[in-house]
Amino acid sequence: MKNKMKCPECGKRAFDISVLPKEQIEIELKCPNCHRFVRIMCVAEMLMKAQKAG
């Protein structure tokens with residue numbers, strides 16, 4: 001199952017991660033939505049909430 005990580009700037013999906021690591025890892029990348037360079041901690045708080053269909 002892929003976990004969707006959200007951008008701290010725009011709140012939209014920034015990238016997917018298969019498994020959350022046990023240690024704290026910070027990833028720096030350019031958000032594909034807002035085009036800003038952001039640092040995202042790979043922790044449960046940064047996961048996107050599941051959306052209901054319909």
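The values are calculated or read from the model by the stated rules, or taken from the named source; none is laboratory data. The structure presented is a predicted model; accordingly, all values stated were derived computationally and were not measured. As a convention, Cβ positions derive from the backbone with ideal geometry for all residues, glycine included, and neighbour counts pool all protein chains shown. Just the protein is used for accessible areas: all its heavy atoms, side chains included, with ligands, DNA and RNA removed. Shrake-Rupley method; radii C 1.70, N 1.55, O 1.52, S 1.80 Å.
Once you charge only the Cβ atoms, +1 for Lys and Arg and -1 for Asp and Glu, what is the size of the charge dipole of the chain about its Cα centre, to the nearest 20 debye?
300
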Simple spin-label estimate for K4 and E45 in nanometres, 7 Å along Cα-Cβ: 2.2
Taking a ≥ b ≥ c as the square roots of the eigenvalues of the Cα gyration tensor, with a/c under 1.5 meaning rounded and otherwise prolate when a/b exceeds b/c and oblate if not, the chain is oblate
Range in the chain, longest, excluding exposed trypsin sites (Lys or Arg not before Pro) [loop by DSSP; at most 13 other beta-carbon atoms within 10 Å]: 23-35
Report in % the part of the accessible area of the chain that belongs to carbon and sulfur, leaving out ligands and nucleic acids; probe 1.4 Å. 50
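Can you work out the accessible area per residue across the chain, with the rest of the protein chains kept in place, probe 1.4 Å, in square angstrom? Don't skip to the answer; put the middle values down first.
Numbers: 4400 Å² over 54 residues.
I get 81 Å² per residue for this part.
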